[in-house]
Amino acid sequence: MTELGNILNNLNIKELRFWINGVYCNNCVNRLFRALMTIKGVESVEIIPDFKELKALAILKYRGEISKQEIEEVLSEASEETPYHEYKPIWE
């Protein structure tokens, strides 16, 4: 792909940042990463934990449209995998 093609391709990538409550350890970070990567259109996921506050900053890069409902459903499913965790997004 040409340099111009790469630039045009990257123009279509959007970014969404939000906090997730209930993040206690690196297992949580890995679980959230895997769960969020299953959303259609997601190109990359970065999870930056704040274990002291029991939350993490999620940064999604994606193409197309992603709804908050889709994210909430994926986080709910990830919560069901671990009996003592409940991942909740914080929308600002």
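Values in this text are rule-based calculations from the coordinates and carry no lab data. These figures come from a predicted structure and were not determined experimentally.
Projection of the Cα convex hull of the range 13-90, averaged over all directions and equal to a quarter of that hull's surface, yields 4.4 nm². Per-residue HN-Hα couplings for the range 29-38, Karplus 6.51 cos²θ - 1.76 cosθ + 1.60 at θ = phi - 60°, whole Hz, x for Gly and Pro? Those phi angles translate into 4, 5, 4, 5, 4, 4, 5, 5, 5, 7 Hz. Across the range 76-92, coupling constants 3J(HN,Hα) worked out from phi with the 6.51/-1.76/1.60 Karplus curve, θ = phi - 60°, read 5, 4, 5, 5, 5, 6, 10, x, 10, 10, 9, 8, 10, x, 10, 8, 10 Hz, and Gly and Pro carry x. Less than 5 angstrom separates the built amide H of E43 from those of K61, Y62, R63, all sequence-distant by 5 or more or on a different chain. With contacts taken as Cα pairs under 8 Å at a separation of at least 6 residues, the chain carries a relative contact order of 35 percent.
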